[in-house]
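The values are calculated or read from the model by the stated rules, or taken from the named source; none is laboratory data. Here the structure is a predicted model, which is why all the values come from computation and not from measurement. Note: ideal-geometry Cβ built from the backbone for every residue, glycine included; neighbour counts use all protein chains shown. Only protein heavy atoms, including side chains, enter the accessible area calculation; ligands, DNA and RNA are left aside. Shrake-Rupley method; radii C 1.70, N 1.55, O 1.52, S 1.80 Å.
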Amino acid sequence: MADTTTAKTVEQPEKSNEELKEIATQVRRDIVRMVHAVNSGHPGGSLGITDLLVALYFKVMKHHPEPFDMNGKDQDLFFLSNGHTSATMYSCLARSGYFPISELSTFRKLNSRLQGHPTTHEGLPGVRVASGSLGQGLSVACGAAQAKKMNGDKQRVFVLMGDGELEEGQNWEAALYASHHKIDNLIAIVDRNGQQIDGSTDEIGGLGDVAAKFKAFGWHVIEGDGNHFDSLIPTLENCVAAAGKAKPVMFIMDTKMGFGVDFMMDGHKWHGVAPNDAQLATALDELKVGTEGDY
């Protein structure tokens, strides 16, 4: 019997930057509320990458929330390598139509599909790979992007990594592989917030000139801001335009950990600490309610 189900395609290009800002504010409200409710999670990095994921899910990517296709044929794919920032991904998935927004209230609870790090065995729509063991996402993205090329699928694969995560050697093996095999439908993004759980990346790992490293590995490298849509959207458009030209694309994205909540910004303190009741109230007062409303 033929499958007559029609995929629901999200058409996002009409969204203005002001509309994206409203969605991002709502996503940030989701993040701090989700982490506070269970006194567990990683708000700092999650807040920092919010603008990127909002830009991808609500403007840049072509994707089909319903029905969810694990293979993602003829649509753009996104992989979250730094899986501890799952709260951002869950909020964007729910608010772009993958599952009910009300399910955000189950974050990190027993028997929830919204585990602290995304996993696949719960069958949560929008999650295509388990992540959180740092250093693996780029390899997964390489495989998915190469499979698309082999299948004649013209869409792209996006993957987000943390800068501290680059201390994992597997990233550099994947970087060599992607360049050697000319996986030019791959757009990788490094969240360069300069922080990791034990301190700054300069103190812990000494990453040096990340852009120069990826250029030396044969990537097309673009650097830019990741917390302001006026610059973020054009940079992502440049990344998309650079794809398909025999080189994988690397967007090195400068963000501030905790962006959007003043007392959480900068430093590594809020990498993995939940706000208390008073801190939550302060954060929510700063993050005025968006048009979607709280879950």
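Quickly run through region 183-215 and pick out the residues that are open to solvent by 50 Å² or more (accessible area, probe 1.4 Å) and either touching a Pro at 6+ places or on another chain (Cβ under 8 Å) or part of a helix (DSSP H, G or I) (or both).
Scanning region 183-215 gives Asp202, Glu203, Ile204, Lys213, Lys215.
Which of the residues spanning region 111-148 are of a type in the set (A, V, I, L, M), at pLDDT 95 or above and buried (at least 18 other Cβ atoms within 10 Å of the Cβ)?
Leu114, Leu124, Val127, Val129, Leu138, Val140, Ala141, Ala144, Ala145
Residue under question is Glu165, and the condition is that it be in contact with a Ser or Thr (Cβ under 8 Å, 6 or more places away or on another chain), farther than 23 Å from Gly224 by Cα and not in a loop (DSSP other than H, G, I, E, B); does it hold?
no
List every residue pair whose Cβ atoms lie under 7 Å apart, where the two residues are 6 or more positions apart in sequence or sit on different chains, the first residue falls within region 196-212 and is over 23 Å from Ile222 (Cβ atoms), and the second residue, located anywhere, is in a strand (DSSP E or B) and not hydrophobic (A, V, I, L, M, F, W, C).
Cβ pairs passing all conditions: Ile204/Gln196.
Determine, yes or no, whether Ile252 is surrounded by 16 or more Cβ atoms within 10 Å (Cβ to Cβ) and either without any contact (Cβ under 8 Å) to a residue 40 or more places away in the chain or not in a helix (DSSP H, G or I) (or both).
yes
Just checking, which of Glu14, Glu18, Glu22 is more than 23 Å from Val140 (Cβ to Cβ), without any contact (Cβ under 8 Å) to a residue 40 or more places away in the chain and part of a helix (DSSP H, G or I)?
Result: Glu18 is the single residue among Glu14, Glu18, Glu22 that is more than 23 Å from Val140 (Cβ to Cβ), without any contact (Cβ under 8 Å) to a residue 40 or more places away in the chain and part of a helix (DSSP H, G or I).
Tally time: how many residues in region 88-118 are under 27 Å from Lys62 (Cβ atoms), part of a helix (DSSP H, G or I) and not hydrophobic (A, V, I, L, M, F, W, C)?
6
Quick check on my filter: what residues within region 147-183 are among the polar types (S, T, N, Q) and over 21 Å from the mean Cα position of the chain (by Cα)?
Asn151, Ser179
Regarding region 40-59, can at least one residue be identified that is open to solvent by 10 Å² or more (accessible area, probe 1.4 Å), more than 17 Å from the chain's Cα centre (by Cα) and within 20 Å of Lys109 (Cβ to Cβ)?
Yes, because at least one residue in region 40-59 is open to solvent by 10 Å² or more (accessible area, probe 1.4 Å), more than 17 Å from the chain's Cα centre (by Cα) and within 20 Å of Lys109 (Cβ to Cβ).
Contact list please: Cβ distance under 7 Å, first residue in region 258-275 and more than 17 Å from Lys288 (Cβ to Cβ), second residue of a type in the set (Ser, Thr, Tyr) and open to solvent by less than 40 Å² (accessible area, probe 1.4 Å), pairs at least six apart or on different chains.
His268/Ser200; Ala274/Ser40
Does region 259-295 hold any residues that are touching a His at 6+ places or on another chain (Cβ under 9 Å) and either open to solvent by 70 Å² or more (accessible area, probe 1.4 Å) or part of a loop (DSSP other than H, G, I, E, B) (or both), and which are they? Reasoning before the result, please.
Here is the first cut: in region 259-295, the residues touching a His at 6+ places or on another chain (Cβ under 9 Å) are 270-277, 279-280, 283.
Result: Trp270, His271, Gly272, Val273, Ala274, Pro275, Asn276, Asp277.
With respect to the numbered conditions (1) within 19 Å of the chain's Cα centre (by Cα); (2) surrounded by 16 or more Cβ atoms within 10 Å (Cβ to Cβ); (3) not aliphatic (A, V, I, L, M), which one is the sole condition not fulfilled by Trp219?
It fails just one condition, (1).
Give the residue that is surrounded by the most Cβ atoms within 10 Å (Cβ to Cβ), with candidates limited to residues of region 149-177 that are more than 30 Å from His42 (Cα to Cα) and touching an Asp or Glu at 6+ places or on another chain (Cβ under 9 Å).
Asp153
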